[in-house]
Amino acid sequence: MSDCTVRHAVLFPDLCHKAVVAAFDQPHASSDGGALLLRAADRRLGLIAALTARLSDPRMPSKVTHAIGDVLAQRVFAIACGHPDGNDADRLAHDPMHKLLLDRDPIDGRRLASQPTISRFEQAATPRTLYGLGEALADTVIRRHQHAQRTARLITIDVDVTADPTHGAQQLTFFNGFYDTWCYLPLVATLTFDQDSRQYLVAAILRPGNVPATTGVQGLLRRLIPKLWRAFPRARIRVRLDGGFAAPAIFDELDAAGVEYVVAMAKNPVLEAAAEPHVIPLRAEVAATRATATSYHDTHYQAGTWTRPRRVVMKAEVVWHHGREVRDNPRFVITNLRQTPEWVYAHVYCARGDSENRLKELHHALAFGRTSCTRFWANQLRVLLSAAAYVLLQELQRRADRTALAGAQVPRLRQALLTIGVHVVRSVRRIVLHFPRSHPEAEIWMHLARDLAAVRI
């Protein structure tokens, strides 16, 4: 047994009926064997190629070992597999599957880019490059759904703010009183097609921690809405926003764009007075039934800074909980929809609640908040890399909808389809991946592989 093997081996003398030796000594093996699906998904989407086309490489060609497109692809695939830290690059430098994802020989191919190379790549990001990457991401997502959702008649844009706490000396990180922490405030946009329950990420923009919620929203909508109308000329476009976006400039922008909108509005004395006649009978109902009571109504309202009155849908509600005081809970949304108040609030506005799950996936599974670079623009690049990894994983999620993994979120999908032990064998004519015969999701993995153009043999 070699010294290297000894240093990576342990003995359990009495754990089982025989002594057990565990050693990290298997060459040409990887724990990310299923990640080949990511490359197959990217081939369908063309995402990595689209992003690479927006990059410029200022390095001297004679000094380049790793093409800039390879460095970008390495980062996106690593994040998708659950290796978001730049330091992971050194640990995965000789991993045969991660080499294969870059179309390198998994056995004798060049090692992958190191952590310093990754760091220089991120630190070189410029605003113009980042704008182009954001455009490429949005164009790729829209083009993908233009083919998959050709008959779409309604496209819903959800825009959300999420807090990204910071713990260092990053540029433009500020204390935010609402979130009670130093942070960035990324802006995330998703698309929903017709009655599809899934929201597809289309844009992710990093913002300083002290900006108003509306900052960047008008520019995002001005870029996104024309793209959608060019791709889906017969579709209606609807925008859903929470209360932080209820500003005169946003409403004027939505009216000028000619889209449908449903925007939450924070309560104020005028709106509460309008809801009061509808809340009074609910209080009596709750006192009699000892259960929460709700009703829906509408009116028109014009704030002092608005150019005209707009329709307000009201949810009048009195909440009852055992052991607590009864409380009024009126809610308001501003809309140009003409349907009944209950339909607008309960079936249109409340459906945006699932966007919280997308934000949780981004933060917890895609390292969306790993914005620890000193430079703001480097952190914006990291946000876009996480977004690109999520787009690839959403492609796998969509294709898994007719399997037992339907509705699976990223951690479950990664565990079932990507994090699979594999032994890589290379012959003269082909590369063979040997997976465990006992893998519980083998049939689903094969189903997705065939769906992504693999051929049964």
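The values are calculated or read from the model by the stated rules, or taken from the named source; none is laboratory data. If you're wondering where the values come from, they're calculated on a predicted model, not measured in any experiment. Neighbour counts run over all protein chains shown; Cβ positions are idealised from the backbone, glycine included. Just the protein is used for accessible areas: all its heavy atoms, side chains included, with ligands, DNA and RNA removed. Shrake-Rupley method; radii C 1.70, N 1.55, O 1.52, S 1.80 Å.
In debye, nearest 20: dipole of the chain around its Cα centre with unit charges on the Cβ of K, R (+) and D, E (-)?
Working: 58 positive and 44 negative charges, 273 e Å.
Around 1320 debye, computed over the chain.
With each run of n ≥ 4 DSSP H residues scored as -39500 (n - 2.57), what mean residue ellipticity at 222 nm is computed for the chain after dividing by its residue count and rounding to the nearest 500 deg cm²/dmol? It lands at -11500 deg cm²/dmol. Pull out a ≥ b ≥ c, the square roots of the eigenvalues of the alpha-carbon gyration tensor of the stretch 334-455, then state rounded if a/c is under 1.5, prolate if not and a/b is larger than b/c, and oblate in the remaining case. Oblate is the answer for the stretch 334-455, as a/c is 1.5 or above yet b/c matches or exceeds a/b. Across the stretch 359-376, computed HN-Hα scalar couplings (Karplus, 6.51 cos²θ - 1.76 cosθ + 1.60, θ = phi - 60°) run 5, 5, 4, 4, 6, 8, 10, 10, 6, 4, x, 7, 9, 9, 5, 5, 7, 4 Hz from first to last residue, x flagging Gly and Pro. What the phi angles of the stretch 120-127 give under the Karplus curve with 6.51, -1.76 and 1.60, with θ = phi - 60°, is a coupling list of 5, 4, 5, 6, 7, 4, 10, x Hz, glycine and proline written as x. Near the amide H of Ala293, within less than 5 Å, lie the amide hydrogens of Val318, Trp320, all on another chain or at least 5 residues away, with H placed in the peptide plane. The trypsin sites (Lys or Arg not before Pro) of the stretch 118-207 meeting both criteria, a DSSP state outside H, G, I, E and B (loop) and at most 14 other C-beta atoms within 10 angstrom of the site's C-beta, are Arg150, Arg153.
With all protein chains present, how much of the accessible area of the chain (probe radius 1.4 Å) comes from carbon and sulfur, to the nearest whole percent? Percent of accessible area from carbon and sulfur atoms in the chain: 53. Per residue, the stretch 174-309 exposes an accessible area of 46 Å² to a 1.4 Å probe, with every protein chain left in place. Applying 1/(1 + (r/R0)^6) with r as the Cβ-Cβ distance of Asn336 and Phe174 and R0 = 45 angstrom yields a FRET efficiency of 0.85.
Just going by the charge dipole of the stretch 1-158, with Lys and Arg at +1 and Asp and Glu at -1 on Cβ, which of His17, Ala80, Leu133 is farthest out on the positive end? About the Cα centre, the residue reaching furthest to the positive side is Leu133.
With every protein chain in place and a 1.4 angstrom probe, the accessible-area ranking of Trp182, Trp306, Trp229, largest first, reads Trp182, Trp229, Trp306.
For the stretch 160-225, what is the charge dipole size about the Cα centre, in debye to the nearest 20, if Lys and Arg each add +1 at the Cβ and Asp and Glu each add -1 at the Cβ? Don't skip to the end; give the middle numbers.
Details: 4 positive and 5 negative charges, 51 e Å.
For this selection, approximately 240 debye.
Using the charge dipole of the stretch 355-457 (Lys, Arg: +1 at Cβ; Asp, Glu: -1 at Cβ; taken about the Cα centre), state which of Leu393, Met446, His434 has its Cα farthest towards the positive end. The residue sitting most towards the positive pole is His434. Accessible surface calculations at 1.4 Å, restricted to protein heavy atoms, place the stretch 1-126 at 54 Å² per residue. Seen against the Cα atoms of the chain and their longest principal axis, helix 68-80 is set at about 70 degrees.
Within a straight-line Cα-Cα reach of under 24 Å, Lys267 can be paired with the following lysines, leaving aside sequence neighbours fewer than 8 residues apart in one chain: Lys315. Considered as an equivalent ellipsoid built on the Cα gyration tensor, the stretch 61-121 has semi-axes of 16, 15, 10 Å, the largest given first.
Roughly how big is the stretch 269-424's charge dipole about its Cα centre, with Cβ charges of +1 (Lys, Arg) and -1 (Asp, Glu), in debye to the nearest 20?
Working: 21 positive and 13 negative charges, 126 e Å.
Charge dipole of the stretch 269-424: 600 debye, to the nearest 20.
Whole-Hz Karplus values for the stretch 277-288 come out as x, 8, 7, 3, x, 5, 4, 5, 5, 5, 4, 7 Hz, taken residue by residue from phi with 6.51 cos²θ - 1.76 cosθ + 1.60 and θ = phi - 60°; glycine and proline positions read x. Between the amide H of Tyr184 and those of Asp164, Thr166, distances stay under 5 Å, these residues lying 5 or more places away or on another chain, with hydrogens modeled in the peptide plane.
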